[in-house]
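Novice: My questions will all concern the structure given below.
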Amino acid sequence: MVIIKRKELSFIEKLYLPQIFQALSHSFRAMFQPRITRQYPEEPLPTNEVTRGQPRLTLLEDGEHLACVSCGLCEAACPAYAITIDGHETERFIEREPERFEIDMLRCILCGFCEEACPKDAIFMSDELELADFSRAALVYDIDKLKRPREELQGRIDYFYQVNDRWRTPSSTS
Amino acid sequence: MTRITINGKEVEADPKKPLITACHEHAAQVPMYCYHPGLTPVGSCRICQVELQQGEIPPRIVVACRTPVAEGMVVNTETPQAHDARRQCLEFLLKNHPLDCPICDKAGECDLQDYSFSEGQAEGRSVEPRRKLEKRKNLGDVIVLDQERCILCSRCVRFFEDVTKKPQLTVSGLGSRSVISTFMDRPLTGNYQGNVADICPVGALTLSGFRFQARVWNLDKHLSTCGECSRGCSITVEVLRRKEVKRLRPHFNEEVNKWWMCDHGRFSYARLNAEDRLQGATLHQDGVPHPVDRETGIAAVVDMLRVHSGAYILISPWMTVEEGEQALAFCHALASPPRLLAPPTNDLKDDLLHTGEAAPNRRGLEGQGFQTQSRDDALSALAAAECAVLIGERITEILGVEALAELSNSIRLIIFDTHALQVSATNVCIGIPNAAERTGTWINVDGHAGRIAAAKPAPPGVASLTRSLEEIRAALAPVAGEVGS
Ligand code: SF4
Ligand code: SF4
Ligand code: SF4
Ligand code: FES
């Protein structure tokens, strides 16, 4: 067994004042140096088309109907089981559309598999990253919270085809 | 038996069956569209081409479904020539196919998808526009035809010719304008229409009730038995999200139903999904129902049976053999003869499957010693009884709610059913699982046993009938002992 004796502090050391002034001088100096942190949330994060934020559903050109035909491929691809879809028949040329399309944003791991699985250009990763609410239920997003005009996602869509055009071509969304 | 060689392996083959059957029996994957083991082969789609060598003749490509097995045949399903023949055939089939798999209900169980994948026909070369035809054509109430998706294999045509023996469909038109149609656009009729949606290898014929309802890979499939008549067809119960039965489909059973089932059975699933199920138990006193938990209900039943020891016991022909055994012990404990309510009959009887006797297990329960009572006999016995125990799914339905409501108010009714009974007489209803929520065995009209499977959970507070009966019997046992001593 080794007994370590604690070192006795001198009087000056016991005052702690030199250390306090040393630390304060650091703070004062930093006040006049350029800032290296971001003022979030006043100053939001910069995003671009490579940002893989939360998935969003695109609308067709008519701005009313979803491009989604409720094929369920994103639901099957989702590794987090975040997506639930129920489809129903339409009167339009596109015979089916989702009646219920829900993404549990608390489950979503922002992997982008749904975007890759979709054969209809209907789901893309947006640049929306913030997620806060008072209940879990409110974070299960339904169609109303998920739908976006195609133009809003256009940057991501173009980027998506740029990186994936080895194996797919844009499908018609009409 | 004939000896032939398939992919270098010498095997025994049945000379009465086409070559494609021998290939499938010996693990050689040969695709097929127009061939169906239950229908006459016509060899029209040409997807089953294989390479065949017979005697001195050099190898040639033949369709496996129309070639009879002969001694000494050398068949090769995997040569480049055979693959190429099938790939070319697929390219033609896909030439006019709309490829709307994301919308098509067949996606996931579609032979066109599967073979396109396995034979490697990934891209088409044609530049001409695809043909445009009608996409939602109702062929009666049950079947919807998508003419664009149809590959004209004529399975549906032959189903009505060979199986129901009442031809209703035909291929009309010429060349690329050929379509499946009925005579003068008359709607399809009969009790077996649903089968054509099952045998259609693509998504051309769909069930109007199942269209766009679910993606097939989301359905859990449970092997079970249809309970709508005493044929007891083998079926799969397909459940979405462990909650809702979305469709019933026939499952091949050589002895009972082969590949088919009737529409009466196929569309009986609405009943399995009924919302207004009895959870736990209900005590009806002075005409007012009080919902209680199952244990309280069981205690009330025990109290009633202590007072009325000579209760009239009647069971439903929907009970399984296993439940029947427990019911037999229950009758024995109460010193009552075992009685079975006669199954209702309907006018759907035909030569193919339906027996017209609309309950699955009369034969099994009679074999266990239950005496069949007609509905009229049962009702007159009930009118005279002080206390009655009615056990099993649909028993109040067969007796008739109105008839039960007419019973005098002095009778005490003890009911085990899936739904509560609203009558003025004092009664206790104990909830039981329905046919999609329990396991067991039904014996069909010819003595074949059919298993039923629990495909979804029972409503909260519902325990198996066997357990409820056993608990009541156990609670009554000491009293019976005291009386005896
Ligand atoms: S991003 Fe990934 S986890 Fe999120 S919904 Fe899409 S597939 Fe599921
Ligand atoms: S993969 Fe695309 S079209 Fe299919 S359900 Fe998902 S979002 Fe809709
Ligand atoms: S024939 Fe009878 S057992 Fe078969 S599906 Fe029809 S009702 Fe069910
Ligand atoms: S399956 Fe043999 S020709 Fe169609």
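Novice: If Lys and Arg each add +1 and Asp and Glu each add -1, what is the summed charge of the other residues whose beta carbon sits under 13 Å from the beta carbon of B:Lys9?
Specialist: -3
Novice: Now for a different question. Ranked highest first by the average count of other Cβ atoms within 10 Å around their residues, in what order do A:123-129, B:471-477 fall? The partial results should precede the final answer.
Specialist: Details: A:123-129: 20.7, B:471-477: 16.0.
With the highest mean Cβ count within 10 Å placed first, the list reads A:123-129, B:471-477.
Novice: Neighbour counts of other C-beta atoms within 10 Å: give me A:Arg92, B:Arg136, A:Arg52 arranged from fewest to most. Before the final figure, lay out each step's value.
Specialist: Numbers: A:Arg92 11, B:Arg136 14, A:Arg52 17.
Neighbour counts put them in this order, fewest first: A:Arg92, B:Arg136, A:Arg52.
Novice: How much net charge surrounds A:His65 when only the other residues with a Cβ under 14 Å from the Cβ of A:His65 are counted, with Lys and Arg +1 and Asp and Glu -1? Could you put the intermediate results ahead of the total?
Specialist: Values: positive: A:Arg92, A:Arg96, A:Lys120, A:Lys147, A:Arg148, A:Arg150; negative: A:Glu61, A:Asp62, A:Glu64, A:Glu89, A:Glu91, A:Glu95, A:Glu97, A:Glu99, A:Asp121, A:Asp144.
Surrounding charge for A:His65 is -4.
Novice: Return the long-range amide H neighbours of B:Ile415 (sequence gap of 5 or more, or a different chain), with a cut-off of under 5 Å between placed amide H atoms.
Specialist: Correct list: B:Leu390, B:Val428, B:Cys429, B:Ile430.
Novice: What share of the DSSP beta bridges in the protein assembly as shown is antiparallel, in percent to the nearest 5?
Specialist: Looking only at bridges with both residues in the protein assembly as shown, the antiparallel portion is about 75 percent.
Novice: Here's something else I'd like to know. So, with +1 on the Cβ of K and R and -1 on the Cβ of D and E, and no other charges, what is the size of the charge dipole of chain B about its Cα centre, to the nearest 20 debye?
Specialist: So the magnitude is around 1500 debye.
Novice: Work out from phi, with θ = phi - 60° and the Karplus expression 6.51 cos²θ - 1.76 cosθ + 1.60, the ³J(HN,Hα) of each residue of the stretch B:265-270, listed in order in whole Hz, and give x for Gly and Pro.
Specialist: My calculation for the stretch B:265-270 gives x, 4, 9, 8, 6, 4 Hz in order.
Novice: Over the Cα atoms of chain B, what radius of gyration and what Dmax do you get, in Å?
Specialist: For chain B, the Cα-based Rg and Dmax read 27.9, 94 Å.
Novice: Report, in degrees rounded to the nearest 10, the 0 to 90 angle that the Cα long axis of helix A:17-31 makes with the longest principal axis of chain A.
Specialist: In chain A, helix A:17-31 runs at an angle near 40 degrees to the longest axis.
Novice: So what are the ³J(HN,Hα) numbers for the stretch B:392-400, from phi and the Karplus equation (6.51, -1.76, 1.60; θ = phi - 60°), rounded to whole Hz, Gly and Pro as x?
Specialist: x, 3, 6, 5, 6, 5, 5, 5, x
Novice: When only Cα pairs under 8 Å and 6 or more residues apart are kept, what is the percent relative contact order across chain A?
Specialist: 25
Novice: Using Cβ counts within 10 Å as a stand-in for footprinting exposure, how do B:Thr77, A:Thr37, A:Thr51 rank, fewest first?
Specialist: A:Thr37, A:Thr51, B:Thr77
Novice: Something else: Restricting attention to the stretch A:1-95, which chymotrypsin sites (Phe, Trp or Tyr not before Pro) occupy a DSSP loop and are surrounded by at most 16 other Cβ atoms within 10 Å?
Specialist: Of the chymotrypsin sites (Phe, Trp or Tyr not before Pro), the ones in loops of the stretch A:1-95 whose Cβ has at most 16 other Cβ atoms within 10 Å are A:Tyr16, A:Phe32, A:Tyr81, A:Phe93.
Novice: To the nearest 10 degrees, how steep is helix B:465-484 against the longest Cα principal axis of chain B, on a 0 to 90 scale?
Specialist: 30
Novice: Please identify the chymotrypsin sites (Phe, Trp or Tyr not before Pro) of the stretch B:228-268 that satisfy two criteria: DSSP loop assignment and at most 13 other Cβ atoms within 10 Å. Which are they?
Specialist: Here the sparse-neighbourhood loop sites are B:Phe252.
Novice: If you don't mind, another one. Reachable lysines from B:Lys17, Cα under 18 Å, same-chain residues fewer than 8 places away excluded?
Specialist: B:Lys258
Novice: So, counting K/R as plus one and D/E as minus one, what does the shell of residues with Cβ under 14 Å around B:Arg186 add up to?
Specialist: Charge balance near B:Arg186 sits at 0.
Novice: Could you give me D for the stretch B:151-269, from Stokes-Einstein at 37 °C and 0.692 mPa s, where the hydrodynamic radius is the Kirkwood radius over C-alpha pairs? Units µm² s⁻¹, please.
Specialist: On the way: Rh = 15.4 Å.
After rounding, the answer is 213 µm²/s.
Novice: Okay, next question. Towards the positive end of the charge dipole of the protein assembly as shown, with charges on Cβ (+1 Lys, Arg; -1 Asp, Glu), say which of B:Asn191, A:Tyr161, B:Leu145 has the farthest Cα.
Specialist: Farthest towards the positive end: A:Tyr161.
Novice: Here's a follow-up. For the stretch B:166-275, run through the GluC sites (Glu not before Pro) and keep only the ones in DSSP coil with at most 12 other Cβ atoms within 10 Å of their Cβ.
Specialist: B:Glu254, B:Glu255, B:Glu275
Novice: What ranking, highest mean first, results for peptides B:141-151, B:362-372 when packing means the other Cβ atoms within 10 Å averaged over each residue? Working shown, then result.
Specialist: Details: B:141-151: 22.1, B:362-372: 18.5.
Taking the mean over residues of other Cβ atoms within 10 Å, the ranking is B:141-151, B:362-372.
Novice: Here is a further query. Which whole number gives the average count of other chain Cβ atoms within 10 Å of the Cβ atoms across peptide B:203-214?
Specialist: Mean partner-chain Cβ count within 10 Å for B:203-214: 2.
Novice: Which one of B:Phe210, B:Leu365, B:Gln81 has its Cα pushed farthest toward the positive end of the charge dipole of chain B, where Lys and Arg give +1 and Asp and Glu give -1 at the Cβ?
Specialist: Result: B:Gln81.
Novice: Counting only helical runs of four or more DSSP H residues, what would the 222 nm mean residue ellipticity of the protein assembly as shown come to if each run contributes -39,500 (n - 2.57) and the total is spread over all its residues?
Specialist: -7000 deg cm²/dmol
Novice: Moving to a separate point now. From the phi of every residue in the stretch B:92-108, what ³J(HN,Hα) in whole Hz does the Karplus formula 6.51 cos²θ - 1.76 cosθ + 1.60 yield, where θ is phi - 60° and glycine or proline is x?
Specialist: Karplus-based 3J(HN,Hα) across the stretch B:92-108 equals 5, 5, 7, 3, 10, 7, x, 6, 9, 3, x, 9, 5, 6, 7, 3, x Hz.
Novice: Once the convex hull of the alpha carbons of the protein assembly as shown is built, what does its volume come to per residue, in cubic angstrom? Show your work: numbers first, answer last.
Specialist: Values: hull volume 231.5 nm³, N = 659.
Taking the convex hull of the Cα positions in the protein assembly as shown, it is 351 Å³ per residue.
Novice: For chain A, with equal point scatterers placed on the C-alpha atoms only and solvent neglected, what are the log10 I(q)/I(0) values from the Debye formula at q = 0.08, 0.11 1/Å, to two decimals?
Specialist: -0.42, -0.58
Novice: Report, as an integer, the average count of C-beta atoms from other chains found within 10 Å of each Cβ along B:99-105.
Specialist: Taking the mean over all residues of the peptide, I get 6.
Novice: Let me ask something else. Given 4 °C and 1.567 mPa s, how large is the Stokes-Einstein diffusion coefficient of the stretch B:2-78 in µm²/s, with Rh as the Kirkwood radius over Cα pairs?
Specialist: 106
Novice: Can you give the mean number of other chain Cβ atoms that lie within 10 Å of the Cβ atoms in peptide B:215-224?
Specialist: That average works out to 2.
Novice: If you place +1 on the Cβ of every Lys and Arg, -1 on the Cβ of every Asp and Glu, and leave all else neutral, what size is the dipole of the protein assembly as shown about its Cα centre, to the nearest 20 Debye? Working shown, then result.
Specialist: Working: 75 positive and 90 negative charges, 271 e Å.
With only Lys, Arg, Asp and Glu charged at Cβ, the dipole is about 1300 debye.
Novice: Here is a follow-up. Per the Kirkwood formula on distinct C-alpha pairs, the Rh of the stretch B:281-484 is how many angstrom? Write out the running numbers ahead of the final one.
Specialist: Numbers: mean 1/r = 0.0580 Å⁻¹.
In the stretch B:281-484 this quantity evaluates to 17.2 Å.
Novice: Express the relative contact order of chain B as a whole percentage, based on alpha carbon pairs under 8 Å and six or more residues apart in sequence.
Specialist: Relative contact order for chain B comes out at 12 percent.
Novice: Oh, and also: Using a simple charge model, +1 on the beta-carbon of Lys and Arg, -1 on the beta-carbon of Asp and Glu, nothing else, what dipole does chain A show about its Cα centre, in debye to the nearest 20?
Specialist: Around 1640 debye, computed over chain A.
Values quoted throughout were computed directly from the atomic coordinates according to the rules given, and no laboratory measurement underlies them. All values derive from a computational prediction rather than experimental measurement. Every residue, glycine among them, receives a Cβ derived from its backbone with ideal geometry; neighbour counts consider all protein chains shown.
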